[in-house]
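Chemist: Got a structure for you, questions after.
Just so it is clear, none of the values below were taken in a lab; they were calculated from the coordinates. As the structure is a computational prediction, the values presented were derived from the model and not from experiment. Neighbour counts are summed over all protein chains in view; Cβ atoms, including those assigned to glycine, are modelled from backbone coordinates with ideal geometry.
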C-alpha cells in the first residue's frame, strides 16, 4: 500500500510539473523578446569579450531601479540557450553571484543581431507582437463561431486585408517575412540550387517583397522570375532584367511560368 501511495504521489508531482512547464513556457519567449527590444545581444556583441553583469546593466537604457532584475532575465536566457557564461579574471562586479563571470552570445543569438545579414530579429518581433499573439487568446471563441480564422475573431478581418489598410503593419509584416525568407533561400541555393537549373521561368506565389525571387534571379540570370503577391505588397517595387513584380490574388489566378514556387511561412 505504501508503495502504491508513493507511486501515486510521484505521478501527481510529475503531472503537476508537466502542466507547469506549459503554463510558464511563455516566460522563455517573452524574455527573449524583451532582450531583443533592449538590444542585449547587440550590446554584448559590441563589447567584444565576456561581459560582466555590472557592465551590461550600465550599457542598458533602463531605470537604475531595474538593474537587479537584469540578472534574472539573463538567467532565463542562459538556461534557454541564447547566452553562455564564461569565467573571467576580474575584481569588478556589483553582484556576488555574477562575480568573475561574463556573458557571451550563443550561436543562435548571432541570428538576433540587428546587423547580421540573415537576422531573424524582425521575424521574432512580428510573431510575438500582440497583433499576432492575441488571436491565440481567442482560439476557444473561434471554435464556437463561423469566422474563417482566429485572426478574424480578434481583428474582424484577415491579416492581409488589415495590412493592406495599415501601411505600418504592412511594412512590419513584410520585413518579418523577408528576414525568414532570406535565411531559407540562402540555404536552398547553397544545398539544392540545382532544382532551378534549366528553368526558363518561375513564379514565386506569395513572394512578399521579393527576397526569394531576387536571390533566384541573381543566381540564375537566364531564368525569368516573377514575384507575385497582393497589390499592396508589391506596389512600388522595382524589378530587374529578369525579375518582375506582379500584383494579384492567387485564389483567382497565377501568372504562367515553367515552375511555381510556394513557400509556406506558418
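Chemist: Efficiency by 1/(1 + (r/R0)^6): what FRET value for residue 30 and residue 7, r their Cβ-Cβ distance, R0 = 45 Å, to the nearest 0.05?
Modeler: Details: r = 36 Å, r/R0 = 0.80.
Calculated transfer efficiency: 0.80.
Chemist: Can you quote the Å³ per residue value for the convex hull of the Cα atoms in segment 133-262, rounded to an integer? Mind showing how you got there, number by number?
Modeler: On the way: hull volume 16.0 nm³, N = 130.
Dividing the Cα hull volume of segment 133-262 by its residue count gives 123 Å³.
Chemist: Determine one quarter of the surface area of the Cα convex hull of the chain, which equals its mean projected area, and express it in nm² to one decimal.
Modeler: Answer in nm², one decimal: 22.3.
Chemist: Here's a follow-up. Using per-residue counts of other Cβ atoms within 10 Å, averaged over each peptide, order 56-62, 6-12 from highest down.
Modeler: Per-residue mean Cβ counts within 10 Å order the peptides as 56-62, 6-12.
Chemist: Connecting C-alpha atoms closer than 10 Å in a GNM of the chain, tell me which of 18, 232, 152 has the biggest fluctuation.
Modeler: Maximum fluctuation in the GNM of the chain, among the listed residues, is at 18.
Chemist: While we're on this one: For the chain, what is the relative contact order in percent, using Cα pairs closer than 8 Å and at least 6 residues apart in sequence? Let's see the in-between values first.
Modeler: Details: 332 pairs, mean separation 30.7, N = 266.
After rounding, I find 12 percent.
Chemist: Considering only DSSP beta bridges with both partners in the chain, what is the antiparallel share in %, to the nearest 5?
Modeler: Bridges in the chain are about 35 percent antiparallel.
Chemist: Related question: Any chance you could give the angle, 0 to 90 degrees and rounded to 10, that helix 2-23 forms with the longest Cα principal axis of the chain?
Modeler: Rounded to the nearest ten degrees, it is 50.
Chemist: Let me check against my output: what whole-number percent is the relative contact order of segment 133-262, with C-alpha pairs under 8 Å and at least 6 apart?
Modeler: RCO, segment 133-262: 20 percent.
Chemist: Could you calculate the FRET efficiency of residue 14 with residue 88 from 1/(1 + (r/R0)^6), where r is the beta carbon distance between them and R0 is 35 Å, rounded to 0.05?
Modeler: With R0 = 35 Å, the Cβ-Cβ based efficiency is 0.35.
Chemist: Right, here's the next one. Against the longest alpha carbon principal axis of the chain, how many degrees, from 0 to 90 and to the nearest 10, is the axis of helix 67-79 turned?
Modeler: Value to nearest ten degrees: 70.
Chemist: Under a GNM of the chain (C-alpha, springs under 10 Å), which listed residue has the highest mean-square fluctuation: 187, 76, 84?
Modeler: Highest fluctuation of the listed residues: 187.
Chemist: Round to the nearest 10 and give me the degree value, 0 to 90, for the angle of helix 167-192's Cα axis relative to the longest principal axis of the chain.
Modeler: Helix 167-192 and the main axis of the chain meet at about 90 degrees.
Chemist: Another one. Between residue 143 and residue 172, what length in nm is gained on full extension when 0.36 nm per residue of separation is reduced by their alpha carbon distance?
Modeler: Length gained, residue 143 through residue 172: 7.6 nm.
Chemist: Here's a follow-up. Based on the mean of other beta carbon atoms within 10 Å per residue, what is the order of 104-116, 244-256, most packed first?
Modeler: Result, highest mean first: 104-116, 244-256.
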